[in-house]
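Trainee: One structure follows; several queries about it will come next.
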Amino acid sequence: MDTLLDVENLWVKFPTRQGLFDAVRGVSFSLGRERLGIVGESGSGKSMTGRAILRLIRPPGIVEADHIKLGDDNLLAKSEKEMRAVRGQRISMVMQDPKFSLNPVMTIGDQIIEAYRLHSAASKSKAHAKSLEMLRAVSIRDAERVMRAYPHEMSGGMGQRIMIAMMLIPNPEILIADEPTSALDVSVQRQVLDIMDRLVKERGMGLIFISHDLNLVADFCDRVLIMYAGRVVEVCEADKLHEATHPYTQGLLNSLPRLDMPTDRLEVLERDPAWSEVPSVSGRA
Amino acid sequence: MADQTFREWLVTDTPTSRRHAKLSALYQGWLTFRSNTMAMVGLGILLLLIVVAVAAPILSPHDPFVQDLGNRLAPLGSEGHLLGTDSLGRDILSRLIYGARITLYIVALVALIAPIAGLLVGTVSGYAGGWVDIVLMRITDIFLAFPRLVLALAFVAALGAGIENAVLAISLTAWPPYARIARAETLTIRSSDYIAAIRLQGAGAFRIITRHIWPLCISSLIVRVTLDMAGIILAAAGLGFLGLGAQPPSPEWGAMISEGRRFILDHWWVATMPGLAIFTVSLAFNLLGDGLRDVLDPKAGE
Amino acid sequence: MSMLQIAGLNVWFGAARNRVHAVKAASFSVAEGESFGLVGESGSGKSTILRAITGLASTGSGQIEVEGQPVPARRPKPFFKTVQMVFQDPYASLHPRHSIDQVLGETLHLHGFKDIDNRVMQLLDDVGLGQKFRFRYPHQLSGGQRQRVAIARALAPEPKLLLLDEPTSALDVSVQAEILNLLADLRQNHALTYLMVSHDLSVVGHMCNRLAVMKDGEIVEIMDVSALRRMEATHPYSQHLLQASV
């Protein structure tokens, strides 16, 4: 399997009054044409990892790594201007809440067309046709009407599909999805994931799927990195997630209430301070 | 050693008493403020101004009211008059030093009256809603619709010239923006869960407004007041300049510029020195306001 | 005896053309000591029912009875000694400038308690927060700790009926387990009745005895949790929800 992205020894640090705070501590992994899940609780550094790849950590935050290689290019060596060409063009990102990612005063059509023309010198009519095609690809039936609508007229699930459509137009090599379905209802979640899955497969893209939801990741991804306190504590095949060995992963799984196995008390995760001392596990395939 | 442990006591995240928690929160705020160099410069200038105003009789080399017509319009750095003298031979430096008292007096009075009036009107209007809101906001609109200086002029003209009346006039024209800010803040706070939670404890409107809404509005008002201070000093100076504020021979800075205006081409320092004083203090307030915004903004509290 | 009885409850928002019929003729009752769940997707009106009970949302029509007494339109103070609520987002439900001591102390004061100091300490113990948290401010606490404070505040007036509005949906799963355990313990120790709103069927399945499934403002089905576990939902929408959450 060819490697699309390779991250070696990634650190994200933030200066605080108590000294440097390490949000991500020495994470290494690679991504092929696969669906890679990154799971963890809030504060585990999973979102920071996603943002650091795109160099979206704002100062005073610091990103350090031996390398972040996209193909043969080291992203860390790129200038801000070159990075802008990478973002969207080669790596796209879908955020949690579509409400904050879409411009509220532009029609959806105009935004998609603009995003498209930013990356290719297509004519307006060609961009329009392409946008319609993309909206249909994310299972939006009345694409013509949606093109004329404003973001506030869309439901959450609709908004997220539009975001996915927009992010996939320039045909990126990698899609980073940061909790793309957490703001959505369960029944809509499934649809959005299926659409994302189909598109990623069709185009042979790599997907980094960041989520706090273990079951979702187990269902949806090929490989999973489990993060705790800025480190990867365990790497496993997604379908074997329920056989995970690390006590943290087990604790997370057991703390979920289950319909099929009623208990009086839920298991509470006992955090061992030693977990955050052990060096990060390599997530290379 | 003792110093170190006191510091640790202050930055702890497990305070042991109410007083400890308050002091700790204050100290954290101070640390944030201190890291903003420009704000510290502003604070320094204002502290200096206060010291100067308090110690005016000791600091000033001459009596600010004593005229010496033989030595009128002496230039900068002349014998015994560092900043020269004005058209009546009074020492400009001494007049500036005594003028600091008047400036502080005006600033303090306006800062007490206008934001508090605005806070009251704005929070009541925002929390009560309905016709109370409509009536109060239309009154605010009426005040806002008048040009500020013209309204102040009308008040002073009706009440008579003088510092107190100038302060009153400035306050009357300054409160509507505060009412607007307070109302806007109240509208967002009112619909928040913590207000719903306290309503579920059976708290009345008075308690909710004074204990729960005010503490959150006050910070943005304080910031706004410090940013407006420059404007207030300038408005007071403007009234002084027009002869409707402080009356001669009182050394109010605006009035001093007004006097110096006649000689501005030949004896520029007479108007320039008080102008520089106004500029410095206004700038100091602006810098302080910027720093306070960083400390007090609840959104930055994380 | 039924602790809470709701009959034909309708709630409207907005006026004229923008009017939204958020709750449509909802009827159910919660027995004393029972834990009752309201399940549905966003916009189904489940939270609105809680807000209507507490008087935070004005009701359109219908009857709400607590302990057999009809609730007047303007809730009297004693009402809040019986019914309390825990909000969804612990980051939004605590006043950012009030320390935990202030939050609990003020609540106790409003309900006319005298030995406030002792009670504050007792409440903190009840929700599993130590005394060292007493003088902290919300921004110094984690999400789970904040939710514990919010629960302590709701417990302060010693209520009988606790309304829980998605109390764990903003929390991590491991913290969710702690809070759900705490709520289960409190219910046992204080003989509380719960009305719990959630979008998560497994959470409701864990916490509740019975549940109502809501869709577009209507209650489509009321069933026992044991039926839910056996996947015996009768309404197609409840079946659909069940499929999606297993």
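The values are calculated or read from the model by the stated rules, or taken from the named source; none is laboratory data. Here the structure is a predicted model, which means the values were calculated and not measured. Here the Cβ positions follow ideal geometry from the backbone for every residue, glycine too, while neighbour counts run over all protein chains shown.
Trainee: Test each condition in (1) surrounded by fewer than 18 Cβ atoms within 10 Å (Cβ to Cβ); (2) under 21 Å from A:Glu173 (Cβ atoms); (3) among the hydrophobic types (A, V, I, L, M, F, W, C) for A:Val268 and report the one that comes out false.
Mentor: (2)
Trainee: Does the stretch B:231-243 contain at least one residue that is surrounded by 18 or more Cβ atoms within 10 Å (Cβ to Cβ), part of a helix (DSSP H, G or I), out of contact with any Asp or Glu (no Cβ under 9 Å at 6 or more places or on another chain) and within 14 Å of chain C (Cβ to nearest Cβ)?
Mentor: no
Trainee: Taking only pairs six or more apart or across chains, which ones have beta-carbon atoms under 6 Å, a first residue in the stretch B:206-217 that is surrounded by fewer than 18 Cβ atoms within 10 Å (Cβ to Cβ), and a second residue that is in a helix (DSSP H, G or I)?
Mentor: Filtered contacts from the stretch B:206-217: no entries.
Trainee: Now a separate question. Within the set of pairs 6 or more residues apart or between chains, which connect a residue that is more than 10 Å from chain A (Cβ to nearest Cβ) and surrounded by fewer than 18 Cβ atoms within 10 Å (Cβ to Cβ) inside the stretch C:172-196 to a residue that is assigned to a helix (DSSP H, G or I) and not hydrophobic (A, V, I, L, M, F, W, C) with Cβ atoms less than 9 Å apart?
Mentor: C:Asn189/C:Asp126; C:His190/C:Asp126
Trainee: Moving to a separate point now. Need a quick list: helices (runs of 4 or more DSSP H) entirely within the stretch A:82-154 having at least 3 residues that are in contact (Cβ under 8 Å) with a residue 40 or more places away in the chain.
Mentor: The qualifying helices (runs of 4 or more DSSP H) are A:98-101, A:108-119.
Trainee: Something else now. Of everything in the stretch C:122-151 that's in a helix (DSSP H, G or I) and polar (S, T, N, Q), which residue is farthest from the other protein chains (Cβ to nearest Cβ)? Quick ask: steps written out before the conclusion?
Mentor: Of the stretch C:122-151, the ones in a helix (DSSP H, G or I) are C:122-126, C:131-133, C:138-140, C:143-151.
Narrowing the set further to residues that are polar (S, T, N, Q) leaves C:122, C:131, C:140, C:145, C:147.
Details: C:Gln122: 17, C:Gln131: 9, C:Gln140: 5, C:Gln145: 12, C:Gln147: 12 Å.
Checking each candidate, the answer is C:Gln122.
Trainee: Got a sec? Which of A:Leu207, A:Leu214, A:Leu241 is under 18 Å from the mean Cα position of the chain (by Cα), at pLDDT below 90 and of a type in the set (A, V, I, L, M, F, W, C)?
Mentor: A:Leu214
Trainee: Please indicate, with yes or no, whether at least one residue in the stretch A:150-159 is modelled with pLDDT of 85 or more, hydrophobic (A, V, I, L, M, F, W, C), surrounded by 17 or more Cβ atoms within 10 Å (Cβ to Cβ) and over 21 Å from C:Leu241 (Cα atoms).
Mentor: No: the stretch A:150-159 contains no residue that is modelled with pLDDT of 85 or more, hydrophobic (A, V, I, L, M, F, W, C), surrounded by 17 or more Cβ atoms within 10 Å (Cβ to Cβ) and over 21 Å from C:Leu241 (Cα atoms).
Trainee: Here are some residues: A:Arg198, A:Arg145. Which one is basic (Lys, Arg), outside the structural domain of A:Gly43 (by TED's automatic domain parsing) and over 29 Å from A:Ala65 (Cα atoms)?
Mentor: Working: A:Arg198 fails: outside the structural domain of A:Gly43 (by TED's automatic domain parsing).
Only one candidate qualifies: A:Arg145.
Trainee: For the stretch C:78-94: of the residues being more than 16 Å from C:Leu161 (Cβ to Cβ) and surrounded by fewer than 24 Cβ atoms within 10 Å (Cβ to Cβ), which is nearest to the chain's Cα centre (by Cα)?
Mentor: In this case the residue turns out to be C:Gln88.
Trainee: Still on this structure, please answer the following. Quick check: is even one residue across the stretch A:161-168 surrounded by 14 or more Cβ atoms within 10 Å (Cβ to Cβ) and either small (Gly, Ala, Ser) or more than 19 Å from A:Gln89 (Cα to Cα) (or both)? Please lay out each step first, then the result.
Mentor: Just the residues of the stretch A:161-168 that are surrounded by 14 or more Cβ atoms within 10 Å (Cβ to Cβ), to begin with: A:161-168.
So of that shortlist, the ones also either small (Gly, Ala, Ser) or more than 19 Å from A:Gln89 (Cα to Cα) (or both) come out as A:165.
For the stretch A:161-168, residues surrounded by 14 or more Cβ atoms within 10 Å (Cβ to Cβ) and either small (Gly, Ala, Ser) or more than 19 Å from A:Gln89 (Cα to Cα) (or both): present.
Trainee: Also, I was wondering about something else. If we keep just the residues of the stretch A:2-53 that are hydroxyl-bearing (Ser, Thr, Tyr), in contact with an Asp or Glu (Cβ under 8 Å, 6 or more places away or on another chain) and under 23 Å from A:Asp73 (Cα atoms), which is surrounded by the most Cβ atoms within 10 Å (Cβ to Cβ)? Even if it seems obvious, please write down each step before you answer.
Mentor: First, pick out the residues of the stretch A:2-53 that are hydroxyl-bearing (Ser, Thr, Tyr): A:3, A:16, A:28, A:30, A:42, A:44, A:47, A:49.
Okay, now just the ones that are also in contact with an Asp or Glu (Cβ under 8 Å, 6 or more places away or on another chain), so A:28, A:30, A:42, A:47.
Still in the running and under 23 Å from A:Asp73 (Cα atoms): A:28, A:30, A:47.
Details: A:Ser28: 18, A:Ser30: 20, A:Ser47: 22.
Once the filter is applied, the top-ranked residue is A:Ser47.
Trainee: Answer with yes or no whether A:Ser182 is in the same structural domain as A:Ser211 (by TED's automatic domain parsing) and either part of a helix (DSSP H, G or I) or within 27 Å of A:His212 (Cβ to Cβ) (or both).
Mentor: So A:Ser182 fits the description; yes.
Trainee: Out of the helices (runs of 4 or more DSSP H) lying entirely within the stretch B:1-80, which hold 3 or more residues that are within 14 Å of another protein chain (Cβ to nearest Cβ) and touching a helix residue (DSSP H, G or I) at 6+ places or on another chain (Cβ under 9 Å)? Before the answer, list the steps.
Mentor: Details: elements: B:2-11, B:18-34, B:37-54, B:56-59.
Of the helices (runs of 4 or more DSSP H) lying wholly inside the stretch B:1-80, those with at least 3 residues that are within 14 Å of another protein chain (Cβ to nearest Cβ) and touching a helix residue (DSSP H, G or I) at 6+ places or on another chain (Cβ under 9 Å) span B:2-11, B:18-34.
Trainee: Just a yes or no: is a residue in the stretch C:3-15 touching a Leu at 6+ places or on another chain (Cβ under 9 Å), free of Cβ contacts under 8 Å to residues at least 40 places away in the same chain and farther than 30 Å from A:Gly157 by Cα?
Mentor: no
Trainee: Continuing with the same structure: Taking B:Phe146 as meeting all but one of (1) under 20 Å from B:Pro215 (Cβ atoms); (2) among the aromatic types (Phe, Trp, Tyr); (3) surrounded by fewer than 18 Cβ atoms within 10 Å (Cβ to Cβ), write down the number of the exception.
Mentor: All conditions pass for B:Phe146, except number (1).
Trainee: Something else about it: Could you tell me whether any residue of the stretch B:137-155 is touching a Pro at 6+ places or on another chain (Cβ under 7 Å), of a type in the set (Val, Ile, Thr) and farther than 25 Å from B:Glu252 by Cβ?
Mentor: Taking every residue of the stretch B:137-155 in turn, at least one turns out to be touching a Pro at 6+ places or on another chain (Cβ under 7 Å), of a type in the set (Val, Ile, Thr) and farther than 25 Å from B:Glu252 by Cβ.
Trainee: Same structure again: Test of understanding: among A:Ser255, A:Ser276, which residue is within 26 Å of A:Leu5 (Cα to Cα) and either at pLDDT below 85 or within 9 Å of chain C (Cβ to nearest Cβ) (or both)? Quick ask: steps written out before the conclusion?
Mentor: On the way: A:Ser255 fails: within 26 Å of A:Leu5 (Cα to Cα).
Exactly one residue qualifies, and that residue is A:Ser276.
Trainee: Give the residues of the stretch C:50-83 that are farther than 23 Å from C:Trp12 by Cβ and within 14 Å of chain B (Cβ to nearest Cβ), sorted by residue number.
Mentor: The initial filter retains those residues of the stretch C:50-83 that are farther than 23 Å from C:Trp12 by Cβ, namely C:67-69, C:76-78, C:80-82.
Residues satisfying the conditions are C:Pro76, C:Lys77, C:Pro78, C:Phe80, C:Lys81, C:Thr82.
Trainee: A further question follows. So which residues in the stretch A:57-106 are surrounded by fewer than 19 Cβ atoms within 10 Å (Cβ to Cβ) and either in contact with a Lys or Arg (Cβ under 6 Å, 6 or more places away or on another chain) or under 18 Å from A:Asp22 (Cβ atoms) (or both), if there are any at all?
Mentor: Hits for the stretch A:57-106 are A:Ile57, A:Arg58, A:Pro59, A:Pro60, A:Gly61, A:Ile62, A:Glu64, A:Asp66, A:Leu76, A:Met83.
Trainee: Just one of the numbered conditions (1) more than 19 Å from the chain's Cα centre (by Cα); (2) not assigned by TED's automatic domain parsing to the domain that holds A:Leu184 is not true of A:Met95; which one?
Mentor: (1)
Trainee: Turning to a different aspect of this structure: All but one of (1) within 28 Å of B:Ala128 (Cβ to Cβ); (2) in a loop (DSSP other than H, G, I, E, B) hold for B:Pro249; which doesn't?
Mentor: All conditions pass for B:Pro249, except number (1).
Trainee: Name the residue that is farthest from C:Lys24 (Cα to Cα), counting only residues in the stretch C:227-237 that are assigned to a helix (DSSP H, G or I) and at the interface with another protein chain (Cβ under 9 Å from one of its Cβ atoms).
Mentor: If we take residues in the stretch C:227-237 being assigned to a helix (DSSP H, G or I) and at the interface with another protein chain (Cβ under 9 Å from one of its Cβ atoms), then C:Arg229 is farthest from C:Lys24 (Cα to Cα).
Trainee: Looking for whichever is basic (Lys, Arg) and within 14 Å of chain C (Cβ to nearest Cβ) here; the options are A:Arg161, A:Arg148, A:Arg190. Which one fits? Give the steps one after another, and end with the answer.
Mentor: Numbers: A:Arg161 fails: within 14 Å of chain C (Cβ to nearest Cβ); A:Arg148 fails: within 14 Å of chain C (Cβ to nearest Cβ).
Matching residue, one of A:Arg161, A:Arg148, A:Arg190: A:Arg190.
Trainee: Across the stretch A:213-245, what is the total count of residues that are within 14 Å of chain C (Cβ to nearest Cβ), out of contact with any Leu (no Cβ under 9 Å at 6 or more places or on another chain) and surrounded by fewer than 19 Cβ atoms within 10 Å (Cβ to Cβ)?
Mentor: 1
Trainee: Further, regarding this structure: Can you name the strands (runs of 3 or more DSSP E) wholly within the stretch A:1-79 that have at least 3 residues being within 14 Å of another protein chain (Cβ to nearest Cβ) and more than 20 Å from the chain's Cα centre (by Cα)?
Mentor: Answer list for the stretch A:1-79: A:5-16.
Trainee: How about the stretch B:122-214: which helices (runs of 4 or more DSSP H) wholly inside it have at least 3 residues that are over 28 Å from C:Ala156 (Cβ atoms) and under 20 Å from the mean Cα position of the chain (by Cα)?
Mentor: It comes to B:148-159, B:163-190.
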